[in-house]
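The values are calculated or read from the model by the stated rules, or taken from the named source; none is laboratory data. Please read all numbers here as calculations on a predicted model, not as lab measurements. Ideal geometry is used to build each Cβ from the backbone, glycine not excepted, and the neighbour counts take in all protein chains shown. For accessibility, only protein heavy atoms count, side chains too; no ligands or nucleic acids. Shrake-Rupley method; radii C 1.70, N 1.55, O 1.52, S 1.80 Å.
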Amino acid sequence: MHGTADRNTPFAASRQLAKALPNAQLYPFEGRCHLPMVTATREFCDVLRAFLNAGQVPAPRKAGIVLESTP
């Protein structure tokens, strides 16, 4: 999980990491910064709960955003 507007750690770094790690999943918090657990608490908890229950992150809520994962 990573905020796409993070100024501390660019979102591109998470995208690169997700591509490099087998079976990695990346959930983008569109327009959110470094602490999506604070700025998007409900969405963060929903994503975390879904991952813990099913081992998969859900599709992002914003239209046009594509869930990124590696096979």
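Quick look at the numbers
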quantity: Qualifying residue in segment 47-64 (condition: at positive phi and at pLDDT below 90); calculated: yes
quantity: Pairs, first more than 7 Å from Cys33 (Cα to Cα) in segment 1-14, second part of a loop (DSSP other than H, G, I, E, B) and among the aromatic types (Phe, Trp, Tyr), C-beta under 7 Å, six or more apart; calculated: Met1/Tyr27
quantity: Cross-chain or 6+ apart pairs with Cβ under 8 Å, segment 31-44 first and basic (Lys, Arg), then part of a helix (DSSP H, G or I); calculated: Arg32/Thr39
quantity: Residue count for segment 45-57, restricted to those that are surrounded by 11 or more Cβ atoms within 10 Å (Cβ to Cβ) and among the small types (Gly, Ala, Ser); calculated: 1
quantity: Of all residues making up segment 24-44, the number that are open to solvent by 90 Å² or more (accessible area, probe 1.4 Å) and within 16 Å of Ala59 (Cα to Cα); calculated: 1
